[in-house]
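Everything below concerns the one structure shown next.
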Amino acid sequence: MLSLALLPIGLIAVIQTKQVADSSRRNAELLLLTRTERAASDIRYTIEQARGAARFLGASNIHQDTIEECEQSLRNFVNSDPRFSFVGVLPRSGDMKCSSSGAEFDFKNTPSFQQAMSEGKSVVGINQSAPFSGKSVIIVSEPYFDGREVEGLISVSIPHERLSVNASDEAADGLVNVITFNTKGDILTSIGPLDVASLDLPQNTKLPELLGQGAYSFSAVDAQNYERIYAVIPIVDQTVYTLGVWDANAATARPLLSRMPAWIFPVIMWVVSLGVALSTVNRLVVRHVRRLGREMSAFARNRTVPSEHRATMMPAEIEQIEDDFRDMSAVILRDEAELENSLRDKNVLLKEIHHRVKNNLQLISSIISMQIRKARNAETRYVLGRVQDRVLSLATIHRDLYQTSDAGRINVGALITEIVEKSLEIAKLDDSKIELDVDIQDVFLYPDQAVPLSLMASEAVTNALKHVGAGLNGREWIRISLTCAECRDCKMIMENSIGAPMPDVESTGLGAQLIRTFAMQLGGQIDVEETDNSYKLTVEFQVVEFTSDAVDY
(Lines give C-alpha, C1' and ligand atoms only; values in the text may rest on other atoms or scores of the structure.)
Protein backbone atom coordinates (compact mmCIF):
# COMPACT_ATOMS: atom_id res chain seq x y z
CA MET A 1 0.00 0.00 0.00
CA LEU A 2 2.84 2.37 0.75
CA SER A 3 4.40 1.59 -2.64
CA LEU A 4 1.11 2.34 -4.39
CA ALA A 5 0.76 5.55 -2.41
CA LEU A 6 4.04 6.78 -3.92
CA LEU A 7 2.72 6.51 -7.48
CA PRO A 8 0.94 9.92 -7.37
CA ILE A 9 4.35 11.55 -7.37
CA GLY A 10 4.75 10.54 -11.01
CA LEU A 11 1.26 11.80 -11.80
CA ILE A 12 2.00 15.11 -10.10
CA ALA A 13 5.07 15.48 -12.32
CA VAL A 14 2.99 14.75 -15.45
CA ILE A 15 0.30 17.24 -14.42
CA GLN A 16 2.84 19.91 -13.59
CA THR A 17 4.55 19.36 -16.94
CA LYS A 18 1.21 19.73 -18.69
CA GLN A 19 0.45 22.89 -16.77
CA VAL A 20 3.83 24.33 -17.64
CA ALA A 21 3.32 23.41 -21.31
CA ASP A 22 -0.16 24.96 -21.38
CA SER A 23 1.14 28.08 -19.69
CA SER A 24 4.02 28.28 -22.12
CA ARG A 25 1.62 27.88 -25.02
CA ARG A 26 -0.66 30.63 -23.71
CA ASN A 27 2.27 32.94 -23.13
CA ALA A 28 3.66 32.22 -26.60
CA GLU A 29 0.26 32.91 -28.17
CA LEU A 30 -0.08 36.20 -26.28
CA LEU A 31 3.44 37.13 -27.31
CA LEU A 32 2.70 36.44 -31.00
CA LEU A 33 -0.55 38.42 -30.85
CA THR A 34 1.14 41.33 -29.10
CA ARG A 35 4.10 41.47 -31.50
CA THR A 36 1.80 41.13 -34.51
CA GLU A 37 -0.34 43.99 -33.25
CA ARG A 38 2.76 46.08 -32.59
CA ALA A 39 4.03 45.45 -36.14
CA ALA A 40 0.75 46.79 -37.55
CA SER A 41 0.46 49.68 -35.08
CA ASP A 42 1.42 52.41 -37.58
CA ILE A 43 -1.09 51.12 -40.14
CA ARG A 44 -3.83 50.95 -37.53
CA TYR A 45 -3.02 54.44 -36.28
CA THR A 46 -3.09 55.90 -39.83
CA ILE A 47 -6.41 54.24 -40.70
CA GLU A 48 -7.97 55.40 -37.43
CA GLN A 49 -6.72 58.90 -38.10
CA ALA A 50 -8.31 58.80 -41.55
CA ARG A 51 -11.62 57.59 -40.09
CA GLY A 52 -11.54 60.29 -37.45
CA ALA A 53 -10.79 62.96 -40.03
CA ALA A 54 -13.64 61.75 -42.26
CA ARG A 55 -16.07 61.76 -39.35
CA PHE A 56 -14.98 65.24 -38.35
CA LEU A 57 -15.43 66.58 -41.87
CA GLY A 58 -18.86 64.95 -42.11
CA ALA A 59 -19.95 66.33 -38.74
CA SER A 60 -18.75 69.84 -39.68
CA ASN A 61 -21.31 69.89 -42.55
CA ILE A 62 -18.63 70.73 -45.07
CA HIS A 63 -20.87 69.30 -47.78
CA GLN A 64 -23.27 72.21 -47.24
CA ASP A 65 -20.65 74.83 -48.14
CA THR A 66 -20.19 76.16 -51.64
CA ILE A 67 -18.03 74.05 -53.93
CA GLU A 68 -15.20 76.60 -53.78
CA GLU A 69 -15.24 76.74 -49.96
CA CYS A 70 -15.56 72.95 -49.70
CA GLU A 71 -12.61 72.34 -52.05
CA GLN A 72 -10.46 74.89 -50.27
CA SER A 73 -11.17 73.26 -46.88
CA LEU A 74 -10.35 69.79 -48.19
CA ARG A 75 -7.21 71.06 -49.91
CA ASN A 76 -6.03 72.67 -46.67
CA PHE A 77 -6.69 69.43 -44.82
CA VAL A 78 -4.63 67.32 -47.28
CA ASN A 79 -1.78 69.84 -47.25
CA SER A 80 -1.70 69.77 -43.44
CA ASP A 81 -1.20 65.99 -43.19
CA PRO A 82 1.29 64.28 -45.57
CA ARG A 83 -0.17 60.83 -44.85
CA PHE A 84 -3.31 61.59 -46.89
CA SER A 85 -3.30 62.25 -50.65
CA PHE A 86 -6.95 62.88 -51.39
CA VAL A 87 -10.25 63.77 -49.67
CA GLY A 88 -13.62 63.92 -51.43
CA VAL A 89 -17.28 64.42 -50.62
CA LEU A 90 -19.54 61.83 -52.31
CA PRO A 91 -23.24 62.73 -52.08
CA ARG A 92 -25.99 60.15 -52.31
CA SER A 93 -26.05 60.53 -56.10
CA GLY A 94 -22.40 59.42 -56.30
CA ASP A 95 -21.48 62.47 -58.39
CA MET A 96 -18.45 63.92 -56.55
CA LYS A 97 -18.10 67.66 -57.16
CA CYS A 98 -16.10 68.67 -54.05
CA SER A 99 -12.62 67.18 -53.57
CA SER A 100 -9.16 68.22 -52.51
CA SER A 101 -7.93 67.86 -56.11
CA GLY A 102 -10.76 69.95 -57.56
CA ALA A 103 -11.68 67.17 -60.00
CA GLU A 104 -15.12 65.67 -60.47
CA PHE A 105 -15.94 61.98 -60.72
CA ASP A 106 -19.02 59.77 -60.76
CA PHE A 107 -18.77 56.90 -58.18
CA LYS A 108 -22.36 55.73 -58.25
CA ASN A 109 -21.53 52.55 -60.18
CA THR A 110 -18.50 51.55 -58.06
CA PRO A 111 -19.11 48.56 -55.72
CA SER A 112 -17.44 50.19 -52.72
CA PHE A 113 -19.70 53.24 -52.93
CA GLN A 114 -22.82 51.15 -53.22
CA GLN A 115 -21.75 48.97 -50.27
CA ALA A 116 -21.01 51.97 -48.06
CA MET A 117 -24.32 53.66 -48.89
CA SER A 118 -26.37 50.51 -48.33
CA GLU A 119 -24.71 49.53 -45.03
CA GLY A 120 -24.49 53.08 -43.64
CA LYS A 121 -21.16 52.40 -41.89
CA SER A 122 -17.48 52.94 -42.48
CA VAL A 123 -15.77 51.01 -45.26
CA VAL A 124 -12.04 50.49 -45.73
CA GLY A 125 -11.04 49.34 -49.20
CA ILE A 126 -8.14 49.36 -51.65
CA ASN A 127 -7.61 50.73 -55.12
CA GLN A 128 -4.28 49.89 -56.75
CA SER A 129 -4.87 52.51 -59.44
CA ALA A 130 -6.58 55.55 -58.00
CA PRO A 131 -8.54 57.59 -60.55
CA PHE A 132 -6.78 60.88 -59.74
CA SER A 133 -3.26 59.96 -58.66
CA GLY A 134 -2.94 56.63 -60.49
CA LYS A 135 -1.22 55.21 -57.38
CA SER A 136 -2.13 52.34 -55.09
CA VAL A 137 -4.14 53.72 -52.16
CA ILE A 138 -6.25 52.61 -49.23
CA ILE A 139 -9.65 54.31 -49.29
CA VAL A 140 -11.38 55.03 -45.98
CA SER A 141 -15.03 56.06 -46.39
CA GLU A 142 -17.22 57.35 -43.56
CA PRO A 143 -20.92 58.17 -43.99
CA TYR A 144 -22.37 61.52 -42.98
CA PHE A 145 -26.00 61.78 -42.00
CA ASP A 146 -29.00 64.04 -42.31
CA GLY A 147 -30.81 63.04 -39.14
CA ARG A 148 -30.84 59.23 -39.35
CA GLU A 149 -30.57 58.95 -43.10
CA VAL A 150 -27.21 58.49 -44.84
CA GLU A 151 -26.63 61.64 -46.87
CA GLY A 152 -23.32 60.68 -48.45
CA LEU A 153 -19.69 59.69 -47.82
CA ILE A 154 -16.46 61.41 -46.91
CA SER A 155 -13.67 59.48 -48.64
CA VAL A 156 -10.00 59.74 -47.58
CA SER A 157 -7.17 58.16 -49.59
CA ILE A 158 -3.95 56.89 -48.00
CA PRO A 159 -1.12 56.08 -50.46
CA HIS A 160 0.61 52.76 -49.85
CA GLU A 161 3.96 54.43 -50.26
CA ARG A 162 3.28 56.46 -47.13
CA LEU A 163 2.46 53.41 -44.98
CA SER A 164 5.10 51.48 -43.07
CA VAL A 165 5.26 48.28 -41.04
CA ASN A 166 7.48 48.23 -37.95
CA ALA A 167 8.55 44.61 -38.24
CA SER A 168 12.33 44.70 -38.15
CA ASP A 169 12.56 43.23 -34.64
CA GLU A 170 9.79 40.71 -35.28
CA ALA A 171 11.32 39.61 -38.60
CA ALA A 172 14.49 38.64 -36.77
CA ASP A 173 12.38 36.41 -34.49
CA GLY A 174 10.53 34.58 -37.28
CA LEU A 175 7.90 37.03 -38.56
CA VAL A 176 7.34 36.28 -42.28
CA ASN A 177 4.66 38.79 -43.16
CA VAL A 178 2.08 41.16 -41.71
CA ILE A 179 -1.08 41.33 -43.82
CA THR A 180 -4.01 43.64 -43.19
CA PHE A 181 -7.39 42.93 -44.77
CA ASN A 182 -10.99 44.08 -44.57
CA THR A 183 -14.17 42.12 -43.91
CA LYS A 184 -14.55 41.29 -47.63
CA GLY A 185 -11.15 39.61 -47.63
CA ASP A 186 -9.38 42.31 -49.66
CA ILE A 187 -5.68 42.54 -48.78
CA LEU A 188 -4.96 46.14 -47.81
CA THR A 189 -1.27 46.04 -46.89
CA SER A 190 1.61 43.63 -46.79
CA ILE A 191 5.31 43.79 -46.01
CA GLY A 192 6.11 42.76 -49.58
CA PRO A 193 4.27 43.40 -52.86
CA LEU A 194 0.51 42.96 -52.64
CA ASP A 195 0.36 40.63 -55.67
CA VAL A 196 2.47 37.96 -53.91
CA ALA A 197 0.98 38.37 -50.41
CA SER A 198 -1.51 35.55 -51.14
CA LEU A 199 1.38 33.05 -51.15
CA ASP A 200 1.70 33.54 -47.37
CA LEU A 201 -1.97 32.84 -46.68
CA PRO A 202 -3.12 29.45 -45.32
CA GLN A 203 -4.06 26.88 -47.94
CA ASN A 204 -7.73 26.33 -48.78
CA THR A 205 -8.79 29.15 -46.47
CA LYS A 206 -10.38 32.43 -47.43
CA LEU A 207 -9.70 35.50 -45.34
CA PRO A 208 -13.37 36.14 -44.35
CA GLU A 209 -13.40 32.67 -42.80
CA LEU A 210 -10.85 33.84 -40.22
CA LEU A 211 -13.16 36.50 -38.77
CA GLY A 212 -15.54 36.39 -35.82
CA GLN A 213 -13.30 34.77 -33.19
CA GLY A 214 -11.53 37.82 -31.80
CA ALA A 215 -7.77 37.65 -31.38
CA TYR A 216 -6.41 34.11 -31.70
CA SER A 217 -3.69 32.02 -33.33
CA PHE A 218 -3.60 28.76 -35.27
CA SER A 219 -1.16 26.66 -37.22
CA ALA A 220 -1.55 25.84 -40.94
CA VAL A 221 0.38 25.29 -44.18
CA ASP A 222 0.68 28.25 -46.56
CA ALA A 223 0.36 28.22 -50.35
CA GLN A 224 4.03 27.27 -50.65
CA ASN A 225 3.64 24.23 -48.29
CA TYR A 226 5.55 25.86 -45.43
CA GLU A 227 4.24 25.29 -41.93
CA ARG A 228 3.25 28.61 -40.42
CA ILE A 229 1.75 30.03 -37.23
CA TYR A 230 -0.95 32.61 -37.96
CA ALA A 231 -2.08 35.35 -35.53
CA VAL A 232 -5.40 37.06 -36.31
CA ILE A 233 -6.19 40.37 -34.57
CA PRO A 234 -8.97 42.92 -35.21
CA ILE A 235 -7.24 46.28 -35.21
CA VAL A 236 -9.82 48.82 -36.41
CA ASP A 237 -13.31 48.45 -34.93
CA GLN A 238 -14.18 45.06 -36.51
CA THR A 239 -13.46 46.61 -39.92
CA VAL A 240 -9.76 45.99 -40.53
CA TYR A 241 -7.88 42.90 -39.37
CA THR A 242 -4.22 41.95 -39.17
CA LEU A 243 -2.85 38.53 -40.06
CA GLY A 244 0.61 37.85 -38.70
CA VAL A 245 2.49 35.05 -40.50
CA TRP A 246 5.24 33.43 -38.39
CA ASP A 247 7.78 30.76 -39.16
CA ALA A 248 6.73 27.63 -37.24
CA ASN A 249 10.38 26.70 -36.64
CA ALA A 250 11.19 30.02 -34.95
CA ALA A 251 11.80 29.98 -31.21
CA THR A 252 8.94 32.42 -30.66
CA ALA A 253 6.33 30.20 -32.36
CA ARG A 254 7.66 26.74 -31.48
CA PRO A 255 5.77 26.42 -28.12
CA LEU A 256 2.48 26.64 -30.03
CA LEU A 257 3.24 23.37 -31.87
CA SER A 258 4.08 21.34 -28.78
CA ARG A 259 1.90 18.30 -28.06
CA MET A 260 1.27 16.57 -24.78
CA PRO A 261 2.26 12.89 -24.69
CA ALA A 262 -0.24 10.19 -23.75
CA TRP A 263 -1.25 10.66 -20.11
CA ILE A 264 -4.18 8.25 -19.74
CA PHE A 265 -2.16 5.57 -17.96
CA PRO A 266 -0.54 7.96 -15.42
CA VAL A 267 -4.00 9.32 -14.61
CA ILE A 268 -5.32 5.81 -13.97
CA MET A 269 -2.31 5.10 -11.76
CA TRP A 270 -2.93 8.32 -9.86
CA VAL A 271 -6.61 7.47 -9.30
CA VAL A 272 -5.79 3.99 -8.01
CA SER A 273 -3.00 5.21 -5.73
CA LEU A 274 -5.15 8.07 -4.46
CA GLY A 275 -7.96 5.64 -3.61
CA VAL A 276 -5.53 3.38 -1.74
CA ALA A 277 -4.00 6.29 0.18
CA LEU A 278 -7.37 7.79 1.11
CA SER A 279 -8.77 4.44 2.22
CA THR A 280 -5.71 3.75 4.36
CA VAL A 281 -5.60 7.19 5.95
CA ASN A 282 -9.34 7.19 6.61
CA ARG A 283 -9.31 3.73 8.24
CA LEU A 284 -6.24 4.30 10.38
CA VAL A 285 -6.43 8.00 11.23
CA VAL A 286 -9.23 10.17 9.87
CA ARG A 287 -12.25 8.32 11.27
CA HIS A 288 -10.69 8.20 14.74
CA VAL A 289 -9.76 11.88 14.65
CA ARG A 290 -13.28 12.81 13.53
CA ARG A 291 -14.85 10.79 16.34
CA LEU A 292 -12.50 12.41 18.84
CA GLY A 293 -13.36 15.81 17.37
CA ARG A 294 -17.10 15.13 17.82
CA GLU A 295 -16.51 14.17 21.44
CA MET A 296 -14.55 17.37 22.05
CA SER A 297 -17.27 19.47 20.39
CA ALA A 298 -19.96 17.81 22.51
CA PHE A 299 -17.93 18.46 25.66
CA ALA A 300 -17.35 22.10 24.68
CA ARG A 301 -21.07 22.69 23.97
CA ASN A 302 -22.81 20.94 26.88
CA ARG A 303 -20.02 19.33 28.94
CA THR A 304 -20.91 15.79 27.78
CA VAL A 305 -18.28 13.34 29.06
CA PRO A 306 -17.06 10.90 26.33
CA SER A 307 -17.88 7.22 26.72
CA GLU A 308 -15.35 4.54 27.56
CA HIS A 309 -16.03 2.64 24.29
CA ARG A 310 -12.99 2.35 22.01
CA ALA A 311 -13.02 1.97 18.23
CA THR A 312 -11.26 -0.93 16.56
CA MET A 313 -7.85 -0.57 14.91
CA MET A 314 -7.11 2.70 16.68
CA PRO A 315 -3.44 3.71 16.59
CA ALA A 316 -1.72 3.85 19.95
CA GLU A 317 -0.98 7.57 19.60
CA ILE A 318 -4.64 8.50 19.04
CA GLU A 319 -5.67 6.12 21.82
CA GLN A 320 -3.34 7.97 24.18
CA ILE A 321 -4.80 11.31 23.06
CA GLU A 322 -8.32 10.03 23.77
CA ASP A 323 -7.32 8.85 27.26
CA ASP A 324 -5.74 12.22 27.98
CA PHE A 325 -8.87 14.01 26.77
CA ARG A 326 -11.09 11.93 29.08
CA ASP A 327 -8.82 12.69 32.03
CA MET A 328 -8.71 16.36 31.12
CA SER A 329 -12.50 16.59 30.78
CA ALA A 330 -12.96 15.02 34.22
CA VAL A 331 -10.48 17.48 35.76
CA ILE A 332 -12.18 20.43 34.04
CA LEU A 333 -15.62 19.39 35.30
CA ARG A 334 -14.31 18.98 38.86
CA ASP A 335 -12.49 22.33 38.80
CA GLU A 336 -15.51 24.12 37.33
CA ALA A 337 -17.74 22.70 40.07
CA GLU A 338 -15.29 23.88 42.75
CA LEU A 339 -15.05 27.32 41.13
CA GLU A 340 -18.85 27.66 40.96
CA ASN A 341 -19.18 26.73 44.63
CA SER A 342 -16.41 29.15 45.60
CA LEU A 343 -17.94 31.93 43.52
CA ARG A 344 -21.37 31.32 45.00
CA ASP A 345 -19.95 31.50 48.54
CA LYS A 346 -18.07 34.70 47.78
CA ASN A 347 -21.16 36.32 46.27
CA VAL A 348 -23.22 35.41 49.32
CA LEU A 349 -20.56 36.83 51.66
CA LEU A 350 -20.20 40.00 49.60
CA LYS A 351 -23.95 40.62 49.56
CA GLU A 352 -24.08 39.99 53.30
CA ILE A 353 -21.34 42.57 53.85
CA HIS A 354 -23.18 45.19 51.80
CA HIS A 355 -26.42 44.34 53.59
CA ARG A 356 -24.86 44.75 57.01
CA VAL A 357 -23.13 47.99 56.03
CA LYS A 358 -26.44 49.33 54.73
CA ASN A 359 -28.19 48.40 57.98
CA ASN A 360 -25.46 50.02 60.09
CA LEU A 361 -25.62 53.21 58.02
CA GLN A 362 -29.39 53.31 58.40
CA LEU A 363 -28.93 52.84 62.14
CA ILE A 364 -26.50 55.78 62.20
CA SER A 365 -29.05 57.80 60.19
CA SER A 366 -31.72 56.97 62.76
CA ILE A 367 -29.44 58.09 65.60
CA ILE A 368 -28.74 61.35 63.78
CA SER A 369 -32.49 61.80 63.22
CA MET A 370 -33.10 61.40 66.94
CA GLN A 371 -30.39 63.96 67.64
CA ILE A 372 -31.98 66.37 65.13
CA ARG A 373 -35.31 66.17 66.95
CA LYS A 374 -33.61 67.00 70.26
CA ALA A 375 -31.52 69.87 68.89
CA ARG A 376 -32.86 73.34 69.69
CA ASN A 377 -30.64 75.39 67.40
CA ALA A 378 -31.77 75.62 63.74
CA GLU A 379 -28.21 75.67 62.46
CA THR A 380 -27.40 72.53 64.43
CA ARG A 381 -30.45 70.79 62.97
CA TYR A 382 -29.41 71.89 59.48
CA VAL A 383 -25.82 70.61 59.89
CA LEU A 384 -27.01 67.28 61.29
CA GLY A 385 -29.50 67.02 58.43
CA ARG A 386 -26.69 67.42 55.94
CA VAL A 387 -24.70 64.68 57.68
CA GLN A 388 -27.79 62.47 57.63
CA ASP A 389 -28.19 63.06 53.88
CA ARG A 390 -24.62 61.91 53.27
CA VAL A 391 -25.09 58.82 55.43
CA LEU A 392 -28.33 57.94 53.62
CA SER A 393 -26.57 58.34 50.27
CA LEU A 394 -23.95 55.80 51.34
CA ALA A 395 -26.68 53.49 52.60
CA THR A 396 -28.49 53.73 49.27
CA ILE A 397 -25.30 52.79 47.42
CA HIS A 398 -24.73 49.71 49.58
CA ARG A 399 -28.37 48.75 49.17
CA ASP A 400 -27.93 48.79 45.39
CA LEU A 401 -24.70 46.77 45.67
CA TYR A 402 -26.63 44.24 47.72
CA GLN A 403 -29.40 43.98 45.16
CA THR A 404 -27.39 44.21 41.92
CA SER A 405 -26.46 41.16 39.83
CA ASP A 406 -24.37 42.97 37.20
CA ALA A 407 -20.84 41.99 38.32
CA GLY A 408 -20.84 44.57 41.12
CA ARG A 409 -21.75 47.53 38.91
CA ILE A 410 -24.36 50.11 39.97
CA ASN A 411 -26.82 52.04 37.84
CA VAL A 412 -25.70 55.47 38.98
CA GLY A 413 -28.39 57.16 36.86
CA ALA A 414 -31.19 55.56 38.86
CA LEU A 415 -29.29 56.21 42.11
CA ILE A 416 -28.86 59.94 41.41
CA THR A 417 -32.54 60.19 40.43
CA GLU A 418 -33.47 58.66 43.78
CA ILE A 419 -31.11 61.03 45.63
CA VAL A 420 -32.67 64.05 43.92
CA GLU A 421 -36.20 62.89 44.77
CA LYS A 422 -35.32 62.25 48.42
CA SER A 423 -33.52 65.59 48.71
CA LEU A 424 -36.63 67.37 47.45
CA GLU A 425 -38.80 65.35 49.82
CA ILE A 426 -36.60 66.13 52.83
CA ALA A 427 -36.45 69.81 51.93
CA LYS A 428 -40.29 69.75 51.58
CA LEU A 429 -40.18 71.49 48.22
CA ASP A 430 -42.72 69.34 46.49
CA ASP A 431 -45.31 72.11 46.65
CA SER A 432 -42.88 74.91 45.79
CA LYS A 433 -42.69 76.76 42.49
CA ILE A 434 -39.25 75.42 41.59
CA GLU A 435 -39.12 74.06 38.02
CA LEU A 436 -37.11 70.84 38.02
CA ASP A 437 -35.61 69.60 34.73
CA VAL A 438 -34.03 66.13 35.04
CA ASP A 439 -32.24 64.36 32.16
CA ILE A 440 -30.36 61.42 33.64
CA GLN A 441 -29.26 58.42 31.56
CA ASP A 442 -28.56 54.92 32.84
CA VAL A 443 -24.83 54.80 33.59
CA PHE A 444 -23.31 51.67 35.14
CA LEU A 445 -20.18 52.19 37.25
CA TYR A 446 -18.11 50.17 39.67
CA PRO A 447 -18.20 51.28 43.34
CA ASP A 448 -14.83 53.08 43.03
CA GLN A 449 -16.60 55.67 40.87
CA ALA A 450 -20.24 55.15 41.84
CA VAL A 451 -19.71 56.19 45.47
CA PRO A 452 -17.94 59.54 44.89
CA LEU A 453 -20.28 60.41 41.98
CA SER A 454 -23.40 59.74 44.07
CA LEU A 455 -22.08 61.71 47.03
CA MET A 456 -21.07 64.54 44.74
CA ALA A 457 -24.58 64.59 43.23
CA SER A 458 -26.08 64.68 46.74
CA GLU A 459 -23.88 67.63 47.73
CA ALA A 460 -24.62 69.44 44.46
CA VAL A 461 -28.39 68.99 44.87
CA THR A 462 -28.26 70.19 48.44
CA ASN A 463 -26.26 73.28 47.46
CA ALA A 464 -28.67 73.96 44.57
CA LEU A 465 -31.68 73.74 46.91
CA LYS A 466 -29.87 75.94 49.41
CA HIS A 467 -29.12 78.77 46.97
CA VAL A 468 -31.97 78.48 44.44
CA GLY A 469 -33.84 81.71 43.83
CA ALA A 470 -35.76 83.68 41.23
CA GLY A 471 -33.79 84.59 38.09
CA LEU A 472 -34.36 87.32 35.54
CA ASN A 473 -37.71 85.90 34.46
CA GLY A 474 -38.92 85.53 38.03
CA ARG A 475 -38.78 81.71 37.98
CA GLU A 476 -36.88 79.38 40.25
CA TRP A 477 -35.41 76.38 38.45
CA ILE A 478 -32.95 73.52 38.81
CA ARG A 479 -31.56 71.51 35.90
CA ILE A 480 -29.80 68.17 36.39
CA SER A 481 -28.34 66.02 33.62
CA LEU A 482 -26.08 62.98 33.41
CA THR A 483 -24.99 61.76 29.97
CA CYS A 484 -22.40 59.25 28.82
CA ALA A 485 -21.09 59.08 25.22
CA GLU A 486 -20.31 55.54 24.01
CA CYS A 487 -20.34 54.29 27.64
CA ARG A 488 -17.02 56.03 28.29
CA ASP A 489 -17.00 59.85 28.32
CA CYS A 490 -19.51 61.01 30.94
CA LYS A 491 -20.70 64.47 31.95
CA MET A 492 -22.84 65.62 34.91
CA ILE A 493 -24.30 69.13 34.90
CA MET A 494 -26.04 70.72 37.92
CA GLU A 495 -27.44 74.21 37.22
CA ASN A 496 -29.80 76.43 39.26
CA SER A 497 -31.09 79.94 39.36
CA ILE A 498 -29.54 82.07 42.12
CA GLY A 499 -31.58 83.60 44.95
CA ALA A 500 -31.16 84.48 48.58
CA PRO A 501 -29.43 81.86 50.82
CA MET A 502 -31.32 79.95 53.50
CA PRO A 503 -31.95 82.11 56.55
CA ASP A 504 -30.09 81.58 59.79
CA VAL A 505 -27.59 79.17 58.15
CA GLU A 506 -24.02 80.22 57.72
CA SER A 507 -22.23 78.91 54.65
CA THR A 508 -19.09 77.02 55.71
CA GLY A 509 -17.90 76.03 52.19
CA LEU A 510 -17.79 72.38 53.26
CA GLY A 511 -20.08 71.34 50.41
CA ALA A 512 -17.82 72.85 47.76
CA GLN A 513 -14.78 71.25 49.40
CA LEU A 514 -16.48 67.85 49.42
CA ILE A 515 -17.47 68.22 45.78
CA ARG A 516 -13.84 68.88 44.82
CA THR A 517 -12.70 65.90 46.90
CA PHE A 518 -15.29 63.59 45.31
CA ALA A 519 -14.31 64.81 41.83
CA MET A 520 -10.66 63.99 42.60
CA GLN A 521 -11.66 60.47 43.67
CA LEU A 522 -13.78 60.17 40.55
CA GLY A 523 -10.87 61.19 38.31
CA GLY A 524 -12.90 64.01 36.77
CA GLN A 525 -12.58 67.69 35.96
CA ILE A 526 -14.79 70.38 37.53
CA ASP A 527 -15.91 73.51 35.74
CA VAL A 528 -17.94 76.18 37.56
CA GLU A 529 -19.77 78.96 35.71
CA GLU A 530 -21.43 81.56 37.92
CA THR A 531 -23.38 84.61 36.76
CA ASP A 532 -25.67 87.05 38.53
CA ASN A 533 -28.66 84.84 37.75
CA SER A 534 -27.40 81.25 37.60
CA TYR A 535 -24.85 78.81 38.96
CA LYS A 536 -23.64 75.89 36.81
CA LEU A 537 -21.46 72.99 37.97
CA THR A 538 -20.05 70.70 35.23
CA VAL A 539 -18.11 67.51 36.01
CA GLU A 540 -16.54 65.46 33.20
CA PHE A 541 -14.97 62.04 33.77
CA GLN A 542 -14.26 58.76 32.02
CA VAL A 543 -15.65 55.37 32.98
CA VAL A 544 -12.89 53.20 34.48
CA GLU A 545 -12.95 49.40 34.38
CA PHE A 546 -12.54 47.45 37.58
CA THR A 547 -8.94 46.66 38.60
CA SER A 548 -8.01 44.56 41.60
CA ASP A 549 -5.33 45.56 44.05
CA ALA A 550 -2.08 43.62 44.07
CA VAL A 551 -2.85 42.16 47.50
CA ASP A 552 -5.90 40.37 46.06
CA TYR A 553 -3.79 37.99 44.01
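The values are calculated or read from the model by the stated rules, or taken from the named source; none is laboratory data. As the structure is a prediction and not an experimental result, all values here were calculated from the model. Don't worry about glycine lacking a Cβ; one is built from the backbone with ideal geometry, like all the others, and counts go over all protein chains shown. Ligands, DNA and RNA are excluded from the accessible area calculation, which covers all protein heavy atoms including side chains. Shrake-Rupley method; radii C 1.70, N 1.55, O 1.52, S 1.80 Å.
One table, with the values for the structure above:
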| item | result |
| --- | --- |
| Residue within the range 144-164 that is modelled with pLDDT under 90, exposed (fewer than 13 other Cβ atoms within 10 Å of the Cβ) and of a type in the set (F, W, Y) present | yes |
| Residues located in the range 12-44, provided they are closer than 25 Å to S141 by Cα and within 39 Å of the chain's Cα centre (by Cα) | E37, R38, S41 |
| Test for E48: is it in contact with a strand residue (DSSP E or B) (Cβ under 7 Å, 6 or more places away or on another chain) and among the charged types (D, E, K, R) | yes |
| Evaluation of A116 against (1) of a type in the set (G, A, S); (2) within 54 Å of the chain's Cα centre (by Cα); (3) modelled with pLDDT of 85 or more (one fails), failing number | (3) |
| Single unsatisfied condition, Q128 versus (1) at pLDDT 85 or above; (2) open to solvent by 20 Å² or more (accessible area, probe 1.4 Å); (3) within 30 Å of N225 (Cβ to Cβ) | (1) |
| Odd one out for V348 among (1) of a type in the set (V, I, T); (2) within 18 Å of L510 (Cβ to Cβ); (3) open to solvent by 60 Å² or more (accessible area, probe 1.4 Å) | (2) |
| Those residues of the range 122-141 which are under 13 Å from V240 (Cα atoms) and part of a loop (DSSP other than H, G, I, E, B), in sequence order | S122 |
| Qualifying positions in the range 435-455 - in contact with a strand residue (DSSP E or B) (Cβ under 9 Å, 6 or more places away or on another chain) and over 20 Å from C487 (Cα atoms) | E435, L436, D437 |
| Yes/no for K184 being among the basic types (K, R), under 25 Å from D81 (Cα atoms) and either outside any strand (DSSP E or B) or at pLDDT 90 or above (or both) | no |
| Single residue of A103, A53, A21, A59 found to be closer than 30 Å to A250 by Cβ and aliphatic (A, V, I, L, M) | A21 |
| Among (1) in contact with a Lys or Arg (Cβ under 8 Å, 6 or more places away or on another chain); (2) of a type outside the set (G, A, S); (3) under 18 Å from V286 (Cα atoms), the one test that H354 misses | (3) |
| Filtered residue count, the range 142-166, keeping only those that are of a type in the set (S, T, N, Q) and not in a strand (DSSP E or B) | 2 |
| Filtered residues of the range 471-491 (kept if crowded, with 18+ Cβ neighbours inside 10 Å and among the aliphatic types (A, V, I, L, M)) | I478, I480, L482 |
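Results for (1) part of a loop (DSSP other than H, G, I, E, B); (2) under 60 Å from the mean Cα position of the chain (by Cα); (3) loosely packed, with under 12 Cβ neighbours inside 10 Å, shown as yes or no for each residue.
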position	(1), (2), (3)
L343	no, yes, yes
S365	no, no, no
Q371	no, no, no
V387	no, no, no
R390	no, yes, no
